[in-house]
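Visitor: Quick one: structure below, then a few questions.
The values are calculated or read from the model by the stated rules, or taken from the named source; none is laboratory data. Keep in mind that what you see is a predicted model, and the values were worked out from it rather than measured. Positions of Cβ are generated from backbone atoms using ideal geometry, with glycine treated the same way; all protein chains shown enter the neighbour counts. Quick note on the areas: whole protein, heavy atoms, side chains included, nothing else; ligands and nucleic acids left out. Shrake-Rupley method; radii C 1.70, N 1.55, O 1.52, S 1.80 Å.
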Amino acid sequence: MLLDRRHFLGGTAALGVSGALPAIAATPADAAAMTLLDATAEALLAEYPENALYLGIDSGKRSRLRGKLNDRSVEGDQRRRTAAATRLTDLDRIDLASLSPDTRLHVEVTKAAHVLALDGWKRLPVGDVAILNNNVSYRSTPYIVSQGSGAYAEVPDLLDSKHGVEAREDAEAYLARLEAYATALDQETPRIGADAAAGTVLPAFLNDITVGQMQGVAAQPAAEWGLVKGLGAKTKAAGLDADWEARAARIISDKVAPALQRQIAALKRVRPKASDTPGMWRIPGAADRYQWLVEAGTTTTRTAEAIHEDGLDQCKALAAQMDALLRAQGLTRGTVGARLTILGKRPDLLFPDSDAGRAQLLAYLNGVVAKIRPRLPRAFGKIVPGNLQIRRVPIEIQDGAPNGYAGPGSLDGKKPGTYYINLKDVGIWPRFALPTLTFHEGIPGHIWQGEYTFSLPLIRTLLSFNAYSEGWGLYAEQLGDELGFYDDDPLGRIGYLQSMNFRAARLVADTGLHHKRWTMPQAMAWFMATTGFTASQARSELNRYCAWPGQALGYKTGHNEINRLRTAAKAAMGARFDLKAFDDLVVQTGGVPLGVLGGVVGRWQAA
């Protein structure tokens, strides 16, 4: 029977286990099911070849994926939709009762992703339904191109950070992907106009940011583009003697730059139709489209209204905790948000606004990672390498990029995961705010959690769910506190609570913009007063919620659910409860809808 979205989002379905439990013997049906799941993984890699590059597996039997990028055309999207429906039909034929618990979990997770994606293609007929596209699965959006998404923002970073060059064929594949970059831009461009004709236009202020970023890149001589210089540095390091930079510059000049100009022109053409209204409530079918984005972002069926009210309650509770700590610092007057703003502007807590200051900030982050590593065996039984590098967001996209985010490393460990921090405005990064961000994006957060998926079947590495992933990121911040990182750092603990409060505030702001029809000034005033963020920081965040509706709801929703499951397990198990075993269970289960995670933890309790 075809299982609908509520089967996976409602919280009662799954019976899976993970590697954190004793192995249960495979059944005869497991091999056939895993064969189908392996074929599904290969199909997804063929549909989204950029993910093969991200994971460092575009070689050997997958060498056909070298030099390729995702097909971003409307026809390509339709082909993926049709293929997903066919795969779901095949998955539905599997008799779940005949499978071992591990294999059943893998099948149910794969089905859940396909059900959610197909529901999205039906209910969100514009923009990008990204559920099955691993590296950006967190951010389905009504807008095919925005200040933070689209080929112009994603492909250059992919080539710079992930495309290594060790031999001539690697350099040729890089050039092939440069040509494919021009194609990708031209595939997106008509979709901008088509979506606008259907009533969906990027808000005017985001259009301006997006065009500004594109124009900044396009204005450079081809030889000065980062994509050209990057290839030159890689080929020289590899000892290759051809003039690769000149070849790359010709592709940029002849193909990529003109395609980028065509996309700029398309955005300018739809600009007169754009509104400064930040919420998506103005577009056709907005209520149901936003509700799907809420479901995609949280993997629950909760309503925007309920999430909004919960966010307000959580902000109130966290403000009470911060109030006591701020008073201990002598900050007694004004709202909690106002006092956080004052604390965040203390000169002794800020890094210099210079290249040297930015280097100091990055060194500080690496020091935080070094300090947390030896504490992790107190929270986990199985320790992964946590292979990461910390880099600033590329200058070319920093105007529209989030303040911090992470990208996966390669499966073979040769390429580390990357934790990016936006250093456009170093004034938004007082020292006390940085440790908790580092735990979230790096270790034991996204980079750490992602490495556990490398030991799961490939299909599980290729499928992730926003609420689980971001919920784990916040839980990783919590572990930093529980492991005593702030015992001698009361300001750092304020930063940790401010981060939790900020994620609770996202529940209010996202639903405020898209459901409550808040104006941007209204959202700015509330967000700054609640979080203590600077205007620059708050505006960057709110712009992100406007472009990626619903995505910001996953963080606190997932975190709350992990803690609810932990509290319930501790109450049910009493002295048998082992925190390290619980953490191992959750992190080794890998990306799942929250309802499926509840089934996994329930089975663990019973065992």
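Visitor: Can Lys570 be described as open to solvent by 40 Å² or more (accessible area, probe 1.4 Å) and either farther than 21 Å from Thr298 by Cβ or in contact with a Lys or Arg (Cβ under 7 Å, 6 or more places away or on another chain) (or both)?
Guide: Values: open to solvent by 40 Å² or more (accessible area, probe 1.4 Å): yes; either farther than 21 Å from Thr298 by Cβ or in contact with a Lys or Arg (Cβ under 7 Å, 6 or more places away or on another chain) (or both): yes.
So Lys570 fits the description; yes.
Visitor: Of the residues Ala46, Ala52, Ala85, Ala39, which is surrounded by fewer than 17 Cβ atoms within 10 Å (Cβ to Cβ) and within 20 Å of Glu179 (Cα to Cα)?
Guide: Within the list Ala46, Ala52, Ala85, Ala39, the selection yields Ala46.
Visitor: Would you say Tyr468 is within 20 Å of Val369 (Cβ to Cβ), touching a residue at least 24 places away in the same chain (Cβ under 8 Å) and out of contact with any strand residue (DSSP E or B) (no Cβ under 7 Å at 6 or more places or on another chain)? Give the steps one after another, and end with the answer.
Guide: Working: within 20 Å of Val369 (Cβ to Cβ): no; touching a residue at least 24 places away in the same chain (Cβ under 8 Å): yes; out of contact with any strand residue (DSSP E or B) (no Cβ under 7 Å at 6 or more places or on another chain): yes.
For Tyr468, the condition - within 20 Å of Val369 (Cβ to Cβ), touching a residue at least 24 places away in the same chain (Cβ under 8 Å) and out of contact with any strand residue (DSSP E or B) (no Cβ under 7 Å at 6 or more places or on another chain) - is not met.
Visitor: Here's another thing I want to ask about it. Could we say that Ile252 is touching a Phe, Trp or Tyr at 6+ places or on another chain (Cβ under 6 Å), open to solvent by less than 20 Å² (accessible area, probe 1.4 Å) and either at pLDDT below 95 or not small (Gly, Ala, Ser) (or both) here?
Guide: yes
Visitor: So which of Gly400, Gly417 is under 21 Å from Ser540 (Cα atoms) and in contact with a Gly (Cβ under 7 Å, 6 or more places away or on another chain)?
Guide: Numbers: Gly417 fails: under 21 Å from Ser540 (Cα atoms).
Exactly one of Gly400, Gly417 is under 21 Å from Ser540 (Cα atoms) and in contact with a Gly (Cβ under 7 Å, 6 or more places away or on another chain), namely Gly400.
Visitor: Looking at the range 159-210 only, could you name the residues that are of a type in the set (D, E, K, R) and outside any helix (DSSP H, G or I)? Quick ask: steps written out before the conclusion?
Guide: Keep residues of the range 159-210 that are of a type in the set (D, E, K, R), which gives 160, 162, 166, 168-170, 172, 177, 179, 186, 188, 191, 195, 208.
Scanning the range 159-210 gives a single hit, Glu166.
Visitor: Scan the range 149-158 residue by residue and report those that are assigned to a helix (DSSP H, G or I) and not hydrophobic (A, V, I, L, M, F, W, C).
Guide: Across the range 149-158, the qualifying residues are Tyr152, Glu154, Pro156, Asp157.
Every residue, every condition in (1) without any contact (Cβ under 8 Å) to a residue 12 or more places away in the chain; (2) in contact with a helix residue (DSSP H, G or I) (Cβ under 7 Å, 6 or more places away or on another chain); (3) of a type in the set (A, V, I, L, M); (4) open to solvent by 20 Å² or more (accessible area, probe 1.4 Å), yes or no:
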site: Val256; (1), (2), (3), (4): no, yes, yes, no
site: Glu295; (1), (2), (3), (4): no, yes, no, no
site: Ala319; (1), (2), (3), (4): no, yes, yes, yes
site: Asp323; (1), (2), (3), (4): no, yes, no, yes
site: Arg333; (1), (2), (3), (4): yes, no, no, yes
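Visitor: What are the residue pairs meeting all of these: first residue in the range 582-597, first residue touching a residue at least 12 places away in the same chain (Cβ under 8 Å), second residue surrounded by fewer than 24 Cβ atoms within 10 Å (Cβ to Cβ) and among the acidic types (Asp, Glu), Cβ atoms under 6 Å, and 6 or more apart or on different chains?
Guide: Leu594/Glu561
Visitor: On to the next question. Before we move on, is Gly492 buried (at least 24 other Cβ atoms within 10 Å of the Cβ), small (Gly, Ala, Ser) and part of a helix (DSSP H, G or I)?
Guide: Values: buried (at least 24 other Cβ atoms within 10 Å of the Cβ): no; small (Gly, Ala, Ser): yes; part of a helix (DSSP H, G or I): yes.
Judged against the criteria, Gly492 is not a match.
Per-residue answers, yes or no, for (1) hydrophobic (A, V, I, L, M, F, W, C); (2) assigned to a helix (DSSP H, G or I):
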| site | (1), (2) |
| --- | --- |
| Thr110 | no, yes |
| Ala113 | yes, yes |
| Ala130 | yes, no |
| Tyr143 | no, no |
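For every residue, the table says whether it meets (1) under 20 Å from the mean Cα position of the chain (by Cα); (2) closer than 20 Å to Pro101 by Cβ; (3) surrounded by 24 or more Cβ atoms within 10 Å (Cβ to Cβ).
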position: Asn501; (1), (2), (3): yes, no, yes
position: Ala529; (1), (2), (3): no, no, no
position: Thr534; (1), (2), (3): no, no, no
position: Arg564; (1), (2), (3): no, no, no
position: Ala581; (1), (2), (3): no, yes, no
position: Asp584; (1), (2), (3): no, yes, no
position: Gly590; (1), (2), (3): yes, yes, yes
position: Leu594; (1), (2), (3): yes, yes, yes
position: Trp604; (1), (2), (3): no, yes, no
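Visitor: Within the range 211-239, count every residue that is surrounded by fewer than 17 Cβ atoms within 10 Å (Cβ to Cβ), of a type outside the set (Gly, Ala, Ser) and either assigned to a loop (DSSP other than H, G, I, E, B) or in contact with a strand residue (DSSP E or B) (Cβ under 8 Å, 6 or more places away or on another chain) (or both).
Guide: Final tally of qualifying residues: 2.
Visitor: Kindly indicate whether any position in the range 141-155 is under 30 Å from Gly599 (Cα atoms), modelled with pLDDT of 95 or more and either surrounded by 21 or more Cβ atoms within 10 Å (Cβ to Cβ) or touching a Phe, Trp or Tyr at 6+ places or on another chain (Cβ under 7 Å) (or both). Reasoning before the result, please.
Guide: If we filter the range 141-155 for residues that are under 30 Å from Gly599 (Cα atoms), which is where we start, we get 141.
Keeping just the survivors that are modelled with pLDDT of 95 or more gives 141.
Subsequent filtering for residues that are either surrounded by 21 or more Cβ atoms within 10 Å (Cβ to Cβ) or touching a Phe, Trp or Tyr at 6+ places or on another chain (Cβ under 7 Å) (or both) retains 141.
Yes, there is a match, as at least one residue in the range 141-155 is under 30 Å from Gly599 (Cα atoms), modelled with pLDDT of 95 or more and either surrounded by 21 or more Cβ atoms within 10 Å (Cβ to Cβ) or touching a Phe, Trp or Tyr at 6+ places or on another chain (Cβ under 7 Å) (or both).
Visitor: Also, quick follow-up: Of the residues that sit in the range 471-497 and are over 18 Å from Arg373 (Cα atoms) and among the aliphatic types (A, V, I, L, M), which one is farthest from the chain's Cα centre (by Cα)?
Guide: Leu491
Visitor: Can you run down the residue pairs with Cβ atoms below 6 Å, 6 or more apart or on separate chains, where the first is in the range 275-288 and loosely packed, with under 13 Cβ neighbours inside 10 Å and the partner is assigned to a loop (DSSP other than H, G, I, E, B)?
Guide: Partner pairs satisfying both residue conditions: Pro284/Gly199.
Visitor: Out of Pro125, Pro101, which single residue is over 30 Å from Ala287 (Cβ atoms) and surrounded by fewer than 24 Cβ atoms within 10 Å (Cβ to Cβ)?
Guide: Values: Pro125 fails: over 30 Å from Ala287 (Cβ atoms).
From the options Pro125, Pro101, the qualifying one is Pro101.
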